[in-house]
Ligand SMILES: [Zn+2]
């Protein structure tokens, strides 16, 4: 059986910042799989002594958005951060000059 790559996994690189909708947290990609990414989550232990450990988690491509690329065209050049929605995303210079209705839908 051939493993098909999830469309959203195109262009995701190790080190990219991704947001998980179900977990509502951000993380950095540590490894990339055909339909998921491995991220390292800082977990605070409240047992003595308090400490933060990094735990690997697998996030499904369906549940995440890659915040390191332009949300509309997926490019990595001339991108800047938009924070007005509460979830920061990045948009490139070309897409930011387009009116909303001319933008491609967010990469899904
Ligand atoms: Zn763009």
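For residue 73, are the conditions met, namely being within 12 Å of the ligand (Cβ to nearest atom) and not in a loop (DSSP other than H, G, I, E, B)?
Against the criterion (within 12 Å of the ligand (Cβ to nearest atom) and not in a loop (DSSP other than H, G, I, E, B)), residue 73 does not qualify.
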Which residue pairs have Cβ atoms closer than 9 Å, lie 6 or more positions apart in sequence or on different chains, and pair a first residue in region 67-94 that is farther than 20 Å from residue 37 by Cβ with a second residue that is more than 11 Å from the ligand (Cβ to nearest atom) and part of a loop (DSSP other than H, G, I, E, B)?
72/105; 81/67; 81/88; 82/88
All but one of (1) touching a helix residue (DSSP H, G or I) at 6+ places or on another chain (Cβ under 9 Å); (2) in contact (Cβ under 8 Å) with a residue 40 or more places away in the chain; (3) farther than 18 Å from residue 105 by Cβ hold for residue 8; which doesn't?
(3)
Lone unmet requirement of (1) within 13 Å of the ligand (Cβ to nearest atom); (2) touching a helix residue (DSSP H, G or I) at 6+ places or on another chain (Cβ under 8 Å); (3) part of a helix (DSSP H, G or I) for residue 95
(2)
Within region 76-92, can you find the residues that are touching a helix residue (DSSP H, G or I) at 6+ places or on another chain (Cβ under 9 Å) and either more than 8 Å from the ligand (Cβ to nearest atom) or assigned by TED's automatic domain parsing to the domain that holds residue 30 (or both)?
77, 78, 80, 82
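Filter region 13-22 down to the residues that are surrounded by 14 or more Cβ atoms within 10 Å (Cβ to Cβ) and in contact with a helix residue (DSSP H, G or I) (Cβ under 8 Å, 6 or more places away or on another chain) and list them by number.
Of region 13-22, the ones surrounded by 14 or more Cβ atoms within 10 Å (Cβ to Cβ) are 16-20.
Within region 13-22, just 20 meets the criteria.
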Residue count, region 69-108 (criterion: modelled with pLDDT under 90, surrounded by fewer than 15 Cβ atoms within 10 Å (Cβ to Cβ) and on the phi > 0 side of the Ramachandran plot)
1
Taking the stated definitions as given, is residue 42 in a loop (DSSP other than H, G, I, E, B), without any contact (Cβ under 8 Å) to a residue 60 or more places away in the chain and surrounded by fewer than 12 Cβ atoms within 10 Å (Cβ to Cβ)?
no
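The values are calculated or read from the model by the stated rules, or taken from the named source; none is laboratory data. Since the model is a prediction, treat every value here as computed from it, not as a measurement. Every residue, glycine among them, receives a Cβ derived from its backbone with ideal geometry; neighbour counts consider all protein chains shown.
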